[in-house]
Amino acid sequence: MAKPTALFIGRFQPYHNGHHLVVQGMTKLAGKIVIGIGSSGKSGTKENPFTAQERKDMIQRALQADDIIPMFDINFVELPDMGDDAEWTEHVLSKVGEVDKLWSGNEDTKKCFEGKMEVQNIAEVPGISATNIRELIAKGGDWEDKVPQEVLRAIKDMDGVKRLRDLH
């Protein structure tokens, strides 16, 4: 029996160690992974500082550093916000193709896909959240060990630390 195709949707603002653990776990259980970059049209704000392309680059760099790419079939799709949940859910399904299982820790996202595919709950890694990381970056706190090394490099390369501080 073929391994399922799994969908992982997040804003990844930024991609952090908790996200990375999820993707690593997915590689053991799925044959293919689709990573949906949520709120893809939003950037340049305190809550969404990075563009969809910057987030994709962060994720790709982290996955390449761990040899997940190119050893594993991973596709990326940009998922803009929509007017309502039903419209957004249908848009996601049209963009991602054939998917068997959604991996999510977001209650709203899980509700959107219940009954449409299997939903795998993701537990939050204690002490690691993108909101907290953005705040730590903005305030000069200790955040660097909460993201994969390649994401740290990417954020510094794109002047993300200064950008976040300017946004706060």
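The values are calculated or read from the model by the stated rules, or taken from the named source; none is laboratory data. Nothing here was measured: the structure is a model prediction, and the numbers come from that model. Here the Cβ positions follow ideal geometry from the backbone for every residue, glycine too, while neighbour counts run over all protein chains shown.
Could you check region 132-152 and list, in sequence order, the residues that are β-branched (Val, Ile, Thr), within 17 Å of Thr45 (Cβ to Cβ) and touching a residue at least 40 places away in the same chain (Cβ under 8 Å)?
Ile133
Among the residues of region 52-67, count how many are touching a Ser or Thr at 6+ places or on another chain (Cβ under 6 Å) and modelled with pLDDT under 95. Write out each step before concluding.
Looking only at region 52-67, we keep the residues that are touching a Ser or Thr at 6+ places or on another chain (Cβ under 6 Å), and these are 52.
Checking the rest, the ones that are also modelled with pLDDT under 95 come to none.
Of the residues in region 52-67, 0 are touching a Ser or Thr at 6+ places or on another chain (Cβ under 6 Å) and modelled with pLDDT under 95.
Looking at region 123-152 only, could you name the residues that are surrounded by 20 or more Cβ atoms within 10 Å (Cβ to Cβ), touching a Leu at 6+ places or on another chain (Cβ under 7 Å) and either hydroxyl-bearing (Ser, Thr, Tyr) or in a helix (DSSP H, G or I) (or both)?
Correct list: Arg134, Ile137.
On the given criteria, is Lys28 under 12 Å from the mean Cα position of the chain (by Cα) and either loosely packed, with under 14 Cβ neighbours inside 10 Å or of a type in the set (Lys, Arg) (or both)?
Values: under 12 Å from the mean Cα position of the chain (by Cα): no; either loosely packed, with under 14 Cβ neighbours inside 10 Å or of a type in the set (Lys, Arg) (or both): yes.
When the stated conditions are applied, Lys28 does not pass them.
How many residues does region 93-122 hold that are closer than 14 Å to Gly10 by Cα and assigned to a loop (DSSP other than H, G, I, E, B)?
3
Only one of Pro14, Pro49 is in a loop (DSSP other than H, G, I, E, B), touching a residue at least 24 places away in the same chain (Cβ under 8 Å) and in contact with a Ser or Thr (Cβ under 8 Å, 6 or more places away or on another chain). Can you tell me which? Don't jump to the end; show me each part of the working.
Numbers: Pro14 fails: in contact with a Ser or Thr (Cβ under 8 Å, 6 or more places away or on another chain).
Within the list Pro14, Pro49, the selection yields Pro49.
Only one residue in Val77, Val23 is more than 19 Å from Glu114 (Cα to Cα), at pLDDT 95 or above and in a helix (DSSP H, G or I). Which one?
Exactly one residue qualifies, and that residue is Val23.
So in region 35-46, with the set limited to residues that are in contact (Cβ under 8 Å) with a residue 40 or more places away in the chain and touching a Lys or Arg at 6+ places or on another chain (Cβ under 9 Å), which one is surrounded by the most Cβ atoms within 10 Å (Cβ to Cβ)?
Just the residues of region 35-46 that are in contact (Cβ under 8 Å) with a residue 40 or more places away in the chain, to begin with: 35-41, 44-46.
Restricting the remaining residues to those that are touching a Lys or Arg at 6+ places or on another chain (Cβ under 9 Å) gives 35-40, 44, 46.
Values: Ile35: 26, Gly36: 23, Ile37: 24, Gly38: 22, Ser39: 19, Ser40: 20, Gly44: 10, Lys46: 14.
Only one residue fits best here, namely Ile35.
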